[in-house]
Amino acid sequence: MEICNNPQLCCGCSACQSACPRSAITVVEDDRGFYRPNVDEAKCVQCGLCEAVCPANGGMAEELKRGPLKVLAYKSTDQERAKSSSGAAFWTLAQYALSGGGVVYGACFDDEFRVVQRRCVTESEAQACRGSKYSQGFTGTTYGEVYEDLRQGRCVLYTGTPCQIAGLRSFLSKKSYSGQLVTCDLICHGTPSNRLFREYIAFLERKSGKKVVGYCHRPKDRGWGVHVEKAVMKDGSTLYDTIESNTWRDVFYSNDGLNPCCYRCLYTDVRRVADFTIADFLGVDRCRKELNDRRGLSVVMVNSELAETIVGQGVFEPGAMKITIDEVIPGNPMLQRPSVPRGDVKGFWRAYEKQGFEGAARYVGAYGFVKTAKTLVKRLMGRD
């Protein structure tokens, strides 16, 4: 049984699983590690709820979009930005929600480096949700948990990719809950499977002979705007800006290992499904160079009246400045179009099926002799 009218648009958001009254749907990994719904036909009563809440069906994605009402450039304090991927916009919203007794849902790594949505009621719990995560996240049972939080009168901040936010809002029947629910998405490049990422972690462990216990996409050791990757090992050492540790970055930017729905993304639009949209202010030097202190700068799109009310309370003061959407688009093209594969997607997955992550990485030139030679040349020329 197919739940999405077009299976190529399934993002694995789990709205169908959350809505099923018979617990007949389980979201599992497919043969490439992407999350997909699996229907137990023996339990299914053909009620149609799963199809009704699927955000990819019936123009639902377009119905959920709105805004932006205004756009901000934002940078928090130096201390907070040092712990964040860009200007600490997520953390500012999280502190706002938690300070009022609310609940925050965000993406974090579990003990096996799966990216999972976590329910947080304290700042210490929410710390793990800071920073970028560059693989598909698992929403699990969080939509149902949000519903229970809202039903009990709690305020909720839910952050995730646009498709995850669309899944949540569709599951909740597009209800606003009178300002209780605040949603925040990001300008998403696309998501490789998390299984691929976990195999990359195993690849690092195999090459280094050490256990990886922590990971950071885009650490700011050399400032904001320099994309290198960092793995923290059990013995306290790090793999930082090495050919091996940057392999994931290069696989990610090849765009060949993304979820199939990412190439047809329904949410690459200036009109957004969330109250807030956050991202790096990439390309800032072309239009607002004076704002770039190399410590991190966020874009905050204010897409709803609720978001505008929150901004009006001074949540982003004093670090916010009004900008225009036209200044944001050049550095964030996924506001206008989905990611495009740079090579042969079928060839990438054939290499993966034969030789695992390392084979796929070699296929796109992210690892191996050619990559080593290019890296050495760049470093000799002082360009890396």
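Values quoted throughout were computed directly from the atomic coordinates according to the rules given, and no laboratory measurement underlies them. What you see is a predicted model, and the numbers here were worked out from it, not measured in a lab. Positions of Cβ are backbone-derived with ideal geometry, glycine not excepted, and every protein chain shown enters the neighbour counts.
Quick rundown of the values:
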quantity: Search result, residues across segment 246-257 that are buried (at least 24 other Cβ atoms within 10 Å of the Cβ) and under 18 Å from N332 (Cα atoms); calculated: F252
quantity: Criterion violated by V213 - all others in (1) surrounded by 17 or more Cβ atoms within 10 Å (Cβ to Cβ); (2) part of a strand (DSSP E or B); (3) of a type outside the set (D, E) satisfied; calculated: (1)
quantity: Filter result for the condition that a residue is surrounded by fewer than 20 Cβ atoms within 10 Å (Cβ to Cβ), touching a strand residue (DSSP E or B) at 6+ places or on another chain (Cβ under 8 Å), among the β-branched types (V, I, T) and in contact (Cβ under 8 Å) with a residue 24 or more places away in the chain, over V115, V104; calculated: V115
quantity: Residues of segment 309-350 satisfying the condition of being among the charged types (D, E, K, R) and more than 16 Å from S76 (Cα to Cα); calculated: D326, E327, R337, R342, D344, K346, R350
quantity: Selection count where residues are assigned to a helix (DSSP H, G or I), in contact (Cβ under 8 Å) with a residue 12 or more places away in the chain and either touching a Pro at 6+ places or on another chain (Cβ under 6 Å) or not hydroxyl-bearing (S, T, Y) (or both), scope segment 128-152; calculated: 7
quantity: Subset of segment 59-72 [touching a helix residue (DSSP H, G or I) at 6+ places or on another chain (Cβ under 8 Å) and either surrounded by fewer than 18 Cβ atoms within 10 Å (Cβ to Cβ) or farther than 30 Å from E327 by Cα (or both)]; calculated: L69, K70
quantity: Total residues in segment 283-310, condition buried (at least 24 other Cβ atoms within 10 Å of the Cβ) and of a type in the set (S, T, Y); calculated: 1
quantity: All helices (runs of 4 or more DSSP H) inside segment 239-343 with 1 or more residues being over 26 Å from Y215 (Cα atoms) and among the aliphatic types (A, V, I, L, M); calculated: 305-312, 325-328
